[in-house]
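Colleague: Mind looking over this structure? Questions follow.
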Amino acid sequence: MTEYQQQALDFLQKAEAKLEIRFLGLSNNVNWREKDVYRNTYDFTITTPRGFMKGTFYDSIRNTEISQLTVEDYAKRLYRAEYSVLRPHERNDCRLALKKAQEDAKPNEYDILACLTKYDPETFEDFCSEFGYDEDSRSAEQIYLACVKEYKQLTRIFTDEQMEELREIN
């Protein structure tokens, strides 16, 4: 476990919060420029004594690719050879390495908490200026509204002090 993951787990424990992550499958985010890029998609729910919030997490392209690798594909990457020509112990090593890589490619508590909108997006104009969006863009407006919604949900389920601690997870 990395220190980042430990930081996220410590935060959740201190806040008496629970984070559940559920794999949904492959999908695209219509708010992104790459509308034809499909990624592993997860629903998450954060529950605290003050309530709960739900959200969607779109994983990285790299993690999505790793999750879809077959042992044959992985052998080509790892050994630069066909799986069928590997010696038995190499086949076993390849299977174990792929299993570990795929397990590591799943999002954890840190991955989710680090990506949340932890600062007030303020006005649409401020948001566009801060993140380089065009104020005339409808997709920028949709992204802004999603960020505002997420931020409001977080401030509803976490105290001001907890929000400060959450901002340290990045």
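Colleague: Grab the alpha carbons of the chain, take their convex hull, and tell me the volume per residue in Å³. Please list the in-between numbers first.
Modeller: On the way: hull volume 23.4 nm³, N = 170.
Enclosed volume per residue, from the Cα hull, is 137 Å³.
Colleague: Filter LYS76/LYS100; LYS54/LYS99; LYS35/LYS106; LYS54/LYS100; LYS35/LYS152 down to the pairs with a C-alpha to C-alpha distance above 24 Å, please.
Modeller: Numbers: LYS76/LYS100 17 Å; LYS54/LYS99 29 Å; LYS35/LYS106 22 Å; LYS54/LYS100 28 Å; LYS35/LYS152 27 Å.
Over 24 Å Cα-Cα: LYS54/LYS99; LYS54/LYS100; LYS35/LYS152.
Colleague: Over segment 20-62, calculate the relative contact order: mean separation of alpha carbon pairs under 8 Å at least 6 apart, over the residue count, as a percent. Write out the running numbers ahead of the final one.
Modeller: On the way: 69 pairs, mean separation 15.5, N = 43.
Reported relative contact order: 36 percent.
Colleague: Quick one: length gained pulling TRP32 to ASP134 fully straight, 0.36 nm per residue minus the C-alpha distance?
Modeller: Working: separation 102, 0.36 × 102 = 36.72 nm, distance 1.40 nm.
Roughly 35.3 nm would be gained on extension.
Colleague: Counting Lys and Arg as +1 and Asp and Glu as -1, what is the net charge of the other residues whose Cβ lies under 15 Å from the Cβ of LEU24? Kindly include the intermediate steps, with their values, before the conclusion.
Modeller: On the way: positive: ARG22, ARG39, LYS54, LYS106; negative: GLU20, ASP43, ASP59.
Taking every other residue near LEU24 into account, the sum is +1.
Colleague: Next question. Of the accessible area of the chain, with the probe set at 1.4 angstrom, what percent is carbon plus sulfur?
Modeller: Values: 5210 of 11040 Å².
Looking at the chain in its full context, I get 47 percent from C and S.
Colleague: Counting only the heavy atoms of the protein chains, how much of VAL37 is accessible to a 1.4 Å probe, in Å² to the nearest 10?
Modeller: The accessible area comes out at roughly 40 Å².
Colleague: What is the calculated FRET efficiency for GLN68 to ASP43, with r their C-beta to C-beta distance and R₀ = 22 Å, to the nearest 0.05? Walk me through the numbers on the way to the answer.
Modeller: On the way: r = 20 Å, r/R0 = 0.89.
Efficiency, from the Cβ-Cβ distance: 0.65.
Colleague: Considering Cα pairs under 8 angstrom that are at least six residues apart, work out the relative contact order of segment 43-159 and quote it in whole percent. Let's see the in-between values first.
Modeller: Working: 86 pairs, mean separation 34.0, N = 117.
Here the relative contact order equals 29 percent.
Colleague: With every protein chain kept in place and ligands, DNA and RNA left out, what is the accessible area per residue of segment 1-46? Probe 1.4 Å, answer in Å².
Modeller: Per-residue value: 68 Å².
The values are calculated or read from the model by the stated rules, or taken from the named source; none is laboratory data. Keep in mind it's a predicted model, so treat the numbers as computed, not measured. We place every Cβ from the backbone using ideal geometry, glycine too, and count neighbours over all the protein chains shown. What goes into the accessible areas is simple: the full protein's heavy atoms, side chains included, and nothing from ligands, DNA or RNA. Shrake-Rupley method; radii C 1.70, N 1.55, O 1.52, S 1.80 Å.
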